[in-house]
Amino acid sequence: NAIFSSELIQNTDFIQLFPSKNSEILTKSSLYARNLLKNHFKGLYTVNKLLDVAEKFQKLRSNGNIESSIYNALLKFSFIERSLPNENKTNMLIRYYEQLKTRIDRLERTPHFWLQYAMARIAIDDFNNAQNCLDTAYAKAYEGYDTSYLDAQQSRLWIQLSLREHDQNKSMEYFQKAHKLLINLYDDQYKYRQVEVYSDYFQEKYTKLSNKNKSHFKSYVQDMAKKLDGLHKGYFTESNRMDYCHQKLNEILVNI
């Protein structure tokens, strides 16, 4: 209610960012609004409000594209993660998704929900529960459902496990499984976001590998570099991420 007080509406600093018109507050900066959420509200307050909005727009999503897009955004891990303050973020992320599946009817039956929940678990290094979420998502995938996003996150999880595994053979097993999934995925940013981590694996693990595992790793890097070589060069101008991956893979091959 305070946002409509005359004291605030007449404040020149406030007006610079949030002018009003016909008793409606207008937002001029989405970046400032996000900053406001992250730095001036408690995580629990934001989570509870986001849950309220998600519940409301789940009921309104059939009204039009705007309502549907708002509802879909409120399921996305990337959106929620950017909206929460850093303090106690781990607990708030888990609280959000646990509450979401109880407040929105039938949501837990959809693979998309479990995919987003898995992403939240991976982000906080809760790999066992992340795998459980991915397994649930795969199990609930229906005929015609595109599992490429699931595959990208499964490969991400396996790469993270490969980086943390001290046994080089087990580490390479995780990396191999991730690579076999990634090499066959669509050539988009979701795939190459995971491929970027090949460089991390090279930096952290390569010198500790046996000659056999070094050979395996080199072949995986060559496979992925060749995949990028075969893409139309115009594609690179549309995706800096792919261009960056191409450079990183070639740097690895030069130094092996």
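The values are calculated or read from the model by the stated rules, or taken from the named source; none is laboratory data. Note that the structure is predicted; figures quoted are calculated from it, not measured. Counting neighbours? That spans all protein chains shown, and the Cβs are built from the backbone with ideal geometry, glycine included. Accessible surface is based on the protein model in full, side chains and every heavy atom, while ligands, DNA and RNA are left aside. Shrake-Rupley method; radii C 1.70, N 1.55, O 1.52, S 1.80 Å.
Structure summary
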read-out	value
Selected residue (only one of 56, 28 is assigned to a loop (DSSP other than H, G, I, E, B) and free of Cβ contacts under 8 Å to residues at least 24 places away in the same chain)	28
Those residues of region 137-150 which are open to solvent by less than 40 Å² (accessible area, probe 1.4 Å) and closer than 17 Å to residue 178 by Cα, in sequence order	148, 150
Filter result for the condition that a residue is out of contact with any helix residue (DSSP H, G or I) (no Cβ under 6 Å at 6 or more places or on another chain), assigned to a helix (DSSP H, G or I) and more than 20 Å from residue 95 (Cβ to Cβ), over 35, 48	35
Single condition residue 134 does not satisfy, out of (1) open to solvent by less than 30 Å² (accessible area, probe 1.4 Å); (2) under 25 Å from residue 101 (Cα atoms); (3) assigned to a loop (DSSP other than H, G, I, E, B)	(3)
Residues satisfying the stated conditions in region 19-36, i.e. among the aliphatic types (A, V, I, L, M) and closer than 14 Å to residue 8 by Cα	25, 26
Some residue of region 146-153 being within 20 Å of residue 212 (Cα to Cα) and not in a helix (DSSP H, G or I)	no
Single unsatisfied condition, residue 82 versus (1) open to solvent by less than 70 Å² (accessible area, probe 1.4 Å); (2) under 19 Å from the mean Cα position of the chain (by Cα); (3) not acidic (Asp, Glu)	(1)
Hits in region 96-119 (condition: β-branched (Val, Ile, Thr), surrounded by 17 or more Cβ atoms within 10 Å (Cβ to Cβ) and without any contact (Cβ under 8 Å) to a residue 40 or more places away in the chain)	110
Odd one out for residue 180, checked against (1) without any contact (Cβ under 8 Å) to a residue 12 or more places away in the chain; (2) closer than 23 Å to residue 117 by Cβ; (3) in a helix (DSSP H, G or I)	(2)
Breaking point among (1) more than 21 Å from residue 130 (Cα to Cα); (2) open to solvent by 90 Å² or more (accessible area, probe 1.4 Å); (3) assigned to a helix (DSSP H, G or I), for residue 170	(1)
Residue pairs meeting the criteria (Cβ under 8 Å; at least 6 apart or on separate chains; first surrounded by 12 or more Cβ atoms within 10 Å (Cβ to Cβ), in region 4-16; second assigned to a helix (DSSP H, G or I) and among the aromatic types (Phe, Trp, Tyr))	8/14
Test set (1) of a type outside the set (Lys, Arg); (2) under 17 Å from the mean Cα position of the chain (by Cα); (3) exposed (fewer than 14 other Cβ atoms within 10 Å of the Cβ) - residue 65 fails condition number	(2)
Residue check for residue 93: under 24 Å from residue 153 (Cα atoms) and surrounded by 17 or more Cβ atoms within 10 Å (Cβ to Cβ)	yes
Test: residue in region 44-60 that is at positive phi and out of contact with any Gly (no Cβ under 7 Å at 6 or more places or on another chain)	no
Matching option when the condition is at pLDDT 95 or above, within 13 Å of the chain's Cα centre (by Cα) and within 18 Å of residue 157 (Cα to Cα), among 131, 116	116
